[in-house]
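One structure, pasted below without further comment.
Read-outs throughout are calculated quantities, based only on the coordinates presented, and are distinct from any laboratory measurement. Keep in mind the model is a prediction, meaning the values are calculated, not measured. Every residue, glycine as well, gets a Cβ built from its backbone with ideal geometry; the counts of neighbours run over all protein chains shown.
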Amino acid sequence: MMPGNVARARRIAIALIAATTFLGGCATTQSKVDPFEPWNRAMFEVNDVVDGKIAKPIAEAAGFKFWKPLIWDKCTIGMGYHYRARYEFVLFFEKGKRKLNDLGIADVLTAPRVRGGYPAEKPVALSETLILQSSSAGDIVADPFMGSGSVGVAALKLSRRFLGNDVSDSALAHSRARFTQMGGQEGSLIPAVSADSPGQRRLALVLP
């Protein structure tokens, strides 16, 4: 595996581990093995072709079932040389089985790219579609690398609870400002579990 791919694999592995252990650590339940065991969980990861090849086996090893890749159509072309980039994959995984809320939604999701926003920011509209499809009001939506907080914004707009995490102070400040503007209320900050789990240094619970 090339050095760049190794770095991608490590990043993806941390994201998957954070998504499962960080959710479990924040849940209120009697189960000591898997706090979210009674629940059906969906996981989506936005990536390019190379990341997707790395992410799939890691997610499956963590117990997720891969269903299919979705396409995010960004509406306008971006950087590139041979055929300018206009789309990214959204890998759809599940633990358990849950019927999608709207079986009429196609596997190509159209949402204009965010220009001039937070680095690599994803549009709220894209997250809204995924959240509406795989959750109900009051469910928990988690983003282990929340960055701009756009997933949290979508979750709060749709009356879901949100768990967000990021090791960047600027990301935390940016996200908090967005959530506060929407009337979100931040829960207790969860400290680091250990020095070996950088993905869990800062966790915040935001309630609608």
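Hey, what do the phi angles of region 149-157 turn into as Karplus ³J(HN,Hα) couplings, whole Hz, using 6.51/-1.76/1.60 and θ = phi - 60°, x for Gly and Pro?
x, 5, 5, x, 4, 4, 4, 5, 4
Turning to a different aspect of this structure: Arrange SER159, SER135 by Cβ neighbour counts within 10 Å, fewest through most, would you?
SER159, SER135
Test of understanding: ordering LYS97, LYS56 by Cβ neighbours within 10 Å, fewest first, what list do you get?
Listing LYS97, LYS56 from fewest to most nearby Cβ atoms yields LYS97, LYS56.
Further, regarding this structure: Taking 41 Å as R0, compute the FRET efficiency from the Cβ-Cβ separation of MET182 and HIS82 and round it to 0.05.
Plugging the Cβ-Cβ distance into 1/(1 + (r/R0)^6) gives 0.50.
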